[in-house]
Structures are given as C-alpha cells and as structure tokens.
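The next block holds one structure in the form of structure tokens; read it before the comments.
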Amino acid sequence: MKQRTLWSAALVAGLALAGCGSATRPAAAPSGSAKVTKLVVWDWKSGDASAAAYVQKAKDAFAKKHPGVTVEFVAQPFDQYYTLLGAAIQAGTGPDVMLFNGGGQIRDRVNALLPLDRYLAGDRQRLAGWDAFSKDGGTYAAPVTLQGHPIYYNKTLYEKAGLDGPATTWDEFLGDCATIKQKTGARCFALGNKEGAGIQFFMSGLGSGILTAKEYDDWIAGKRDWSSPGVKKIFKLWKDTGDAKLNNDGANSTAMFNDAFTIFNSGKAAHIIGLMSDIGHWKDFSEFLGADKVGVMPSPVVTDGTTPNLPYDGGIGYAVAKWAKDPGLAADMVRSLTTTDALTSFYSEAGAITSDTTIDVSQGPAAVGTIVSQIKEGKPALHVALSSKTLDLMGRLSQQLLSGSATVDEVVEQLAASDRAS
C-alpha cells in the first residue's frame, strides 16, 4: 500500500548499517565457525500488545526445538516497512525471517526469498491462504492470517432508521442510505483514501457484485480486460459515491488507518468496507458499537446475475531470506509462528481470522461467525492480483477521481498500461 523509494547503492548500504540498528543480521560467519545461535525476525506486528501472547507462544514452541538459539523480533513501523526491507534486500543483508502482506508485496520480492515448499509440506492441509504467498509454482511464506474485505454495517443506525436489514441490490442499498441519512444524519460509507488504500477496499469489497463470474475469474487469473464495462463500472461507482456525498467529507485527506475506522465506530457512517483480521475488523468495531450491533453484509448486486462473495486471501505470512545462514532453522521459526496454539492466541487476543482451519470460532460473536461461514465459497480479492506498482498508481488515480481531476476512461487506460508492464 505504501510507495516504495528508489535508493542509490550508497544510501542503501548506509541505511542497512545505520538505520536498522540491531535489526541487521550479524556479519556472515567464517567457514567452519559455530552453528547459528541467533535469528532475527522483522515484522510490524510483534510490537502490538494484542500480538504479544501470539509471539510469545511462537517463541516458546521454537525454543522447545532449538533451546540454544535466541530469537530477536524487531517491530518496524508499517509505513516504513517495505522501504526498510527493500534497502536490506538490495544490500543483501537483513533479517532471517520477515513478514509480508500477501499478493504483490511478496511476489515482487521473491528473488530475495527462499522457496519453503519442502519445509512446509506438513502444514498444507491445516493452513489456508497459500496462493497469496506463491509465485510460479513456489511458496515463499506460510500464511498466518486470512485477510478479506467484508462490508460491515451498524445495526443501531439501521434500527433508528426503521430498516430491518441490509439491501441485496445496489439501487435498494442507495435508498436505504438515503433513509439512514435522513433519520440519523449518518453518511453511507466511512472512507479513508489518504494513503490510496480506500480504492483497494472498494474494488474488492464490491467487485463480486459488479463483475460477472467469468470476468472475476479471468481477472484473478491475470486475463484482465480493463476496457470492459464491468471494470469501468467499479471506478464509475467509486466516483459516483463521492459525487453523491455518500462518503464522509474529505475522504482523500482521511487516513484509512485509523481515521476512517473511527468515523464508523463513532456512528457517523452506517457502513465501512473493512478488514477481517488484525485491525479495522469485527473485534475492533465490537468494542465500540457492541458485539451484537456489528453486522456483516455481502456486496449489493450491481450487475444483474452476479453472485456476491467474500473477497479474501492469505493476509500476512512469514518468509525466509535467501541469505539466512541456516534456512532449515529459519523455516522452523516460520512453522512455530503458525502452530495451532500460537494462532489460537492470535484469534482470541487480536481477533485475527487465522489461516488455521482447525480453530473453533463458534463461541465468537455473530459477525465473526458470518465471516467464517463465507470463507468456503469466497474468492481471492481483486486488488491482491495486482502488482504493488499498479496498486500505488491506482491509489493516486483514485484520489484524482474523487477530486474530479481525472475521468474514468483516463484512469482505466493508465492502470491497464501499468498492469501490462507489470
């Protein structure tokens, strides 16, 4: 989601040595020296209080197998993460194990990663979400969470507006939004697009109600027709929602993380296309609105004959650097980060919908039950199929669409060219 910066070779080396501090790996040991006694893990999650128990359980599991090895977790700031990681990759030194978002962020960097298929074969059936961490037949990370984009709604606002529940078609949905606005003053959508992330959520959250099944499957398979009416309709609806003031004011200057979520939590908008793991998800919203007041709805049908589904992929996953001195040891750390015990803690403490299909969530609130029940029939999220370069461009162009400084045709033409180049 973040723009990547091009660094000169000198600056890369300087950042790798000076900027990362203890996060860099020790210099390569001379031939014949002692075995590896320390692993370094980079991520942006281990510093979160809600992930503390998860990380500790993973470290405990690893320590039982490798009591003489120290594991150091270095939590990097997410808004700088891929820049720092890119610098480390270009310098050829850095952490042994690193966290990635599924999709373009990891696929663009597989040349620096170790294929993990032979190490993770025993986890294939238990874990889901592998495709988001795979490229050209190889798997480069083990999925920790499943990440998707449910449409959440505020049941209290629906009740105040006299509505029984969410509409199933776009026209009816717009009518309900007008009623909610009249009765409660709340906008239809909470939207943050300062980072350019809002369009990604919009595309994936509503896309299955816009594209036909064939268009959707072709898109995921890489056969994307950017000139099709369905694809253009995604961007037209994006512009239309802004023009019709269905979103909160100043969406282009509102951060998705976490200002847009705050707008939804405060009851100033009836809906938000959020996440299903970690942040901006059912657990966060339940703490503000009440667990029984958070609803989850499928995309309204925009194009007749479409079948809305839950858009999701592997969310985040840990990978191993090619320069790791002991690849098998680093891969064992990855496996420790995906044990059932550790992932159960991540679900209970952080509300993550984890990759482990054996974890029981039946005692959770209705929202999480709705999400999990839709996973079996879900499909990959549309935006995850795009390269990080195209996603960055789409973020900038989406801001221009909302501001009225670009047309749908202009935006689609530029995105098509970027996608072909990628």
Open item on the list: For segment 108-122, give me each residue that is open to solvent by 10 Å² or more (accessible area, probe 1.4 Å) and modelled with pLDDT of 95 or more.
Closed with: ARG109, VAL110, ASN111, ALA112, LEU114, PRO115, ASP117, ARG118, TYR119, ALA121, GLY122
TODO: For segment 367-422, name all the residues that are of a type in the set (Val, Ile, Thr) and touching a Gly at 6+ places or on another chain (Cβ under 7 Å).
DONE: VAL384
TODO: Please work out which one of (1) without any contact (Cβ under 8 Å) to a residue 24 or more places away in the chain; (2) surrounded by 19 or more Cβ atoms within 10 Å (Cβ to Cβ) is the condition THR407 fails and give its number.
DONE: (2)
- [ ] Test ALA52 against the stated conditions and say whether it is in a helix (DSSP H, G or I), under 29 Å from LYS283 (Cα atoms), small (Gly, Ala, Ser) and touching a helix residue (DSSP H, G or I) at 6+ places or on another chain (Cβ under 7 Å).
- [x] no
Open item on the list: Could you check segment 162-194 and list, in sequence order, the residues that are farther than 27 Å from PHE257 by Cα and outside any helix (DSSP H, G or I)?
Closed with: GLY162, LEU163, ASP164, GLY165, ALA167, THR168, THR169
Open item on the list: For SER348, only one of the following conditions fails: (1) within 30 Å of PHE73 (Cα to Cα); (2) open to solvent by less than 50 Å² (accessible area, probe 1.4 Å). What is its number?
Closed with: (2)
Open item on the list: When the residues of segment 304-326 are narrowed to those that are more than 23 Å from ASP108 (Cα to Cα) and β-branched (Val, Ile, Thr), which ends up least open to solvent (accessible area, probe 1.4 Å)?
Closed with: THR306
Open item on the list: Take the residues in segment 124-140 that are part of a helix (DSSP H, G or I) and out of contact with any helix residue (DSSP H, G or I) (no Cβ under 7 Å at 6 or more places or on another chain); name whichever of them is nearest to LEU343 (Cα to Cα).
Closed with: TRP130
Task: Number of the exception - PHE201 against (1) more than 20 Å from ILE151 (Cβ to Cβ); (2) touching a residue at least 40 places away in the same chain (Cβ under 8 Å) - done: (1)
TODO: From (1) surrounded by fewer than 16 Cβ atoms within 10 Å (Cβ to Cβ); (2) closer than 20 Å to ARG420 by Cα; (3) basic (Lys, Arg), pick out the condition that doesn't hold for LYS183.
DONE: (2)
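Condition check ((1) assigned to a helix (DSSP H, G or I); (2) touching a His at 6+ places or on another chain (Cβ under 7 Å); (3) farther than 15 Å from ALA324 by Cβ; (4) open to solvent by less than 40 Å² (accessible area, probe 1.4 Å)) across all residues:
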site: VAL71; (1), (2), (3), (4): no, no, no, yes
site: GLN80; (1), (2), (3), (4): yes, no, yes, no
site: THR83; (1), (2), (3), (4): yes, no, yes, yes
site: ALA87; (1), (2), (3), (4): yes, no, yes, yes
site: GLN90; (1), (2), (3), (4): yes, no, yes, no
site: GLY94; (1), (2), (3), (4): no, no, no, yes
site: LEU99; (1), (2), (3), (4): no, no, no, yes
site: ILE106; (1), (2), (3), (4): yes, no, yes, yes
Open item on the list: Looking only at segment 93-122, how many residues end up being under 19 Å from THR339 (Cβ atoms), out of contact with any strand residue (DSSP E or B) (no Cβ under 6 Å at 6 or more places or on another chain) and of a type in the set (A, V, I, L, M)?
Closed with: 1
- [ ] Tell me, please, whether a residue that is under 21 Å from the mean Cα position of the chain (by Cα), open to solvent by less than 10 Å² (accessible area, probe 1.4 Å) and within 30 Å of GLU215 (Cβ to Cβ) can be found in segment 327-339.
- [x] no
TODO: Return the only residue of ALA244, ALA255 being farther than 25 Å from TYR158 by Cα and surrounded by fewer than 19 Cβ atoms within 10 Å (Cβ to Cβ).
DONE: ALA255
Task: Within segment 264-310, tally of residues that are in a strand (DSSP E or B) and not hydrophobic (A, V, I, L, M, F, W, C) - done: 2
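The values are calculated or read from the model by the stated rules, or taken from the named source; none is laboratory data. Only a predicted model underlies this, so the values are computations on that prediction, with no experimental measurement involved. Quick reminder, even Gly has a Cβ in these numbers, built from the backbone with ideal geometry, and neighbours come from all protein chains shown. When the accessible area is computed, the model is the full protein with side chains, heavy atoms only, and any ligands, DNA or RNA have been set aside. Shrake-Rupley method; radii C 1.70, N 1.55, O 1.52, S 1.80 Å.
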